[in-house]
């Protein structure tokens with residue numbers, strides 16, 4: 001069974017630009033979660049999508065947004081990039097049978113803002 | 001809101017030593033509890049879980065028991081290996097501070113280094 005995949009692995013942007021990160025969940029999983037892991041700050045919850053709808057968002061400004069497609073893959077968009085957006089962005093997925101909280105993580109996208 | 005407090009790191013042990021990483025959670029409801037592990041350069045992997053009081057989760061020699069009376073879920077391993085070097089995260093499901101919907105809330109992570 002293929003795991004959660006994320007692309008790209010690394011992304012380098014300049015301040016003010018937009019970044020788009022992509023995630024494909026495990027086959028059969030309907031929920032996708034996005035987390036930000038900045039150096040020294042642990043995991044901060046960003047967004048949760050389930051069945052194509054946004055179910056919850058963390059304490060992040062509106063320039064962090066995303067969507068979930070009919071095939072349950074997801075995209076995270078970060079507009080007007082700031083230096084402090086530099087972090088590892090992790091995507092996770094889960095399914096209804098095992099419960100929404102048993103999440104399986106991808107390897108992450110390392111975003112560097114210069 | 002719901003939160004998780006995890007033992008501060010880093011923790012450095014010699015191979016075959018006994019490991020304990022402490023984790024306590026806020027006592028609202030009856031949350032499922034999890035330990036995740038992050039190896040260098042990788043995403044998080046689910047290590048073990050427990051869904052109700054007195055449950056013991058176990059995997060790869062690691063164990064954690066859901067203690068409702070002490071609101072704890074400490075991670076233990078009897079004999080660590082160099083390959084166990086990683087960051088360990090305790091997590092609970094619930095509603096975090098300032099939030100309105102249930103989600104996974106993570107502790108701050110504990111860096112474990114095992115020396116040969």
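In units of the compact-protein estimate 2.2 N^0.38 Å, chain A shows a Cα radius of gyration of 1.00. Of interest is the spacing of the C-alpha centroids, which for region A:39-114 and region B:31-52 amounts to 17 Å. Solvent-free Debye calculation, one equal scatterer per alpha-carbon of region A:56-114: log10 I(q)/I(0) at 0.22, 0.28 Å⁻¹ equals -1.08, -1.35.
Maximal additional length on extending the residue B:79-residue B:30 stretch stands at 14.6 nm, based on 0.36 nm per residue less the C-alpha distance. Across region A:8-31, the residues whose backbone nitrogen lies under 16 Å from the label position 7 Å along the beta-carbon direction of residue A:65 are A:17-21. Wrap a convex hull around the Cα atoms of chain B, take a quarter of its surface area, and give that in square nanometres. Over every viewing direction, the Cα hull of chain B projects on average to 6.9 nm². With only the Cα atoms considered, the protein assembly as shown has a convex hull volume of 122 Å³ per residue.
Given R₀ = 41 Å, what would the calculated FRET efficiency be for residue B:52 paired with residue A:82, taking r from the Cβ atoms and rounding to 0.05? For R0 = 41 Å, the calculated efficiency reads 0.45. Among A:89-95, A:44-50, the peptide with the highest mean count of other Cβ atoms within 10 Å heads the list, and the full ranking is A:89-95, A:44-50.
Where a number appears in this text, it was derived from the coordinates with a stated rule and is not lab data. Everything numeric here is computed off the predicted structure, so don't read it as measured data. Using ideal geometry, Cβ is built from the backbone for each residue, glycine included, and neighbour counts are taken over all protein chains shown.
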